[in-house]
Each structure stands twice: as C-alpha cells, then as structure tokens.
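One structure is given below, encoded as structure tokens.
The values are calculated or read from the model by the stated rules, or taken from the named source; none is laboratory data. Model, not experiment: these values are computed from the prediction. Cβ sites come from the backbone with ideal geometry, for glycine too, and all protein chains shown count toward neighbours.
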Amino acid sequence: MQARKVEMQHIDRKALYTDLEARIHYLHSFLDFGSADIEHLAAGAKYIKVLIPAVTNIVYRKLLQYDITARAFYTRSTALEGDGTHGAGALPPLDEDAPQIRHRKRFLRAYLAALCTDPAEMSFWAYLDKVGMMHVGLGRAHPLHVEYVHVGMTLALIQDVLTEALLGHPRLSMARKVGLIKALGKVLWIQNDLFAKWYVRDGEEYTDGVDYAPALADKEGYLHGKKVLHDEDLDGGEEGGGGGGDDDDAGTVKGEENDGEKTEAQEAAAAAATRKPGAVPAGVCPFAGMSETMGGLSVSPAATVGEHK
C-alpha cells in the first residue's frame, strides 16, 4: 500500500509571536476549526447560556476552596501570601456571595456568554488574547498576577462541567451534542494557548521591548474602546455593577465595603421580578446528569431549553 503524501505548509515562526492573526490562523488550521464549528456554536449558544450561572458558581466555589487561588482576591496575585493586614498564610475565609465575588462572577458570566458570540471575527480572538494578557500583570491600571497552573485548571474545570452538562441534555441529538462540544473544546483550547503565550518564554527574542501600555486605555470588557462583554441577559444586570465596568479595584477585597453594589437580597428580588414565567433561577442548572460538584445547585429538567434534531 502506497504511503499517502502530505502537503507540508510553511509556518513563519516569528509571525506566531508577533502577529496575532497569523497565530490564530495557524491554530484554526491545526485544529480544523472552521465554518461548521462556528455554526455549532451559534446554534448551541442558547444551551450554553442557560448553563452559565451554574457554571460560574461552580468555578468560584472551586477558586475559594483553596487559599492559593482565593488570595488573588486579596492581593491581586496568587504568589503573594497574606493580604497586608492578616499576614502570610492567614487569609480569612471569603464568602462566595461577598460583593467583590459577585462582581467577579458578572465578568465570568459575560465572558462565557461571549465564547459563542462571533468567532468568525478577529476581534473575538483579540479579546481572548487580551484576557490572557490581563492575568500576567499587563493591561490593567492595577496589575493582576495569576500563575498559569491555576488558569489552566480553571479552563479545564469549565470544559469538564460544560461537557457533562451538554452530554446530559435530554433533547439534543447526539450529533448536535458532539458538534457543539467539539467546537467549544477548540475555542477553550485556543483560549488556553492565548493564556500560555503570555507565560512561556518561547519567541521572546521577537517580543522583547514590546510596549503594552496602550492596552491600559481599555477597561475590562472592552477592546480598542469597544464594549465586548455584555451581561444584561444574565442574572445580576450589567457586568460592571458599582464598579462601572472596570474591575481594577472592585474585584479585590477591601474590608466590608460593597463597591456600590446591590445587596444580595436586592439582587434576588430584582432577578425574581424580571424573570420570565417558567425560567430557571440564576445558579440553577436545567440539565440532568450534572456531577455532584454542583453542590446545592438543584436540577430542573422540566425547564430545559431544548429540541431534538
């Protein structure tokens, strides 16, 4: 049997580190990410959106489970111990419903919703790249440093929870499930690369001396002055809350102030007043088959958004 000849493509190594569009094109080509994946993401966005509040709660519950990840909410760094007042290794427990954590949850909800917006546009990938940059102390007026091990595990957790939930959807056909899960997995792995590129030293001979100061002009949720994250369709209203859309200060624990946000009771009352009849409350997963990591989050199969095709 004659061996199949593979046509080799040339990839410019320098471009991978200096031209984001070239890097994205290479990643798309390697993963065979194309129009079919984009169609699956567009068609499946409504299913993912219903899951987002529950996924967000799971992620933050996990982050607050370990002192090394929780400390970022005090010190803006997973490498610094203590919060300046309690000393090293003595951080007080942080409630997942604390105003600062609710503020951060809004951004994660909006970010997850954005994953299914328009991956055909380069601006989509440019923002994912900016998300990576913002975790290594760049692109913020008040730097944030989250070590890569925690970033990678958080992405893995998000993928794991979404995969199980979508596989357990009672009305989606297996073909639809497979297509959506594969497409979403490709996006998350590209996001993983766009995180890793800011941590590793590969290609540094091409990037030394690059000025990232212009990125400071944008607040979180914005790209080149344009708002790219929206949270109005999820619980909690606009993602900025009392912080005006900029997380630089509001996402860090500062005593007992609430950064101008509504109280938990006020938010719950507002959400209940605007919720459509039969809609699933925020933080409740409508799909059967979710893992025990859901904790106290209940399941309501009857409220599932679904179709079988």
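Summary table below
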{"read-out": "When residues of the range 176-197 are limited to those that are small (Gly, Ala, Ser) and in contact (Cβ under 8 Å) with a residue 60 or more places away in the chain, the one surrounded by the most Cβ atoms within 10 Å (Cβ to Cβ)", "value": "Ala183"}
{"read-out": "Residue that is surrounded by the fewest Cβ atoms within 10 Å (Cβ to Cβ), among those in the range 15-35 that are in a helix (DSSP H, G or I) and hydrophobic (A, V, I, L, M, F, W, C)", "value": "Phe30"}
{"read-out": "Odd one out for Asp83, checked against (1) among the charged types (D, E, K, R); (2) modelled with pLDDT of 95 or more; (3) in a loop (DSSP other than H, G, I, E, B)", "value": "(2)"}
{"read-out": "Test: residue in the range 197-218 that is closer than 18 Å to Met153 by Cβ, hydrophobic (A, V, I, L, M, F, W, C) and at pLDDT 75 or above", "value": "yes"}
{"read-out": "Conditions (1) at pLDDT below 90; (2) out of contact with any His (no Cβ under 9 Å at 6 or more places or on another chain); (3) of a type in the set (A, V, I, L, M, F, W, C); (4) assigned to a loop (DSSP other than H, G, I, E, B); number of the one not met by Phe73", "value": "(4)"}
{"read-out": "Out of Ile48, Ile11, Ile58, Ile38, sole residue that is at pLDDT 95 or above, not in a helix (DSSP H, G or I) and not aromatic (Phe, Trp, Tyr)", "value": "Ile11"}
{"read-out": "Criterion: without any contact (Cβ under 8 Å) to a residue 60 or more places away in the chain and among the hydroxyl-bearing types (Ser, Thr, Tyr) - qualifying residue of Tyr127, Tyr148", "value": "Tyr148"}
{"read-out": "Set Leu144, Leu115: member being in contact with a Gly (Cβ under 8 Å, 6 or more places away or on another chain), within 25 Å of Val200 (Cβ to Cβ) and surrounded by 17 or more Cβ atoms within 10 Å (Cβ to Cβ)", "value": "Leu144"}
{"read-out": "Answer from Leu157, Leu172, Leu94, Leu108 - the residue that is in contact (Cβ under 8 Å) with a residue 60 or more places away in the chain and either within 18 Å of the chain's Cα centre (by Cα) or loosely packed, with under 14 Cβ neighbours inside 10 Å (or both)", "value": "Leu157"}
{"read-out": "Helices (runs of 4 or more DSSP H) fully within the range 106-221 counting 2 or more residues that are more than 27 Å from Ala45 (Cβ to Cβ)", "value": "148-167, 204-207"}
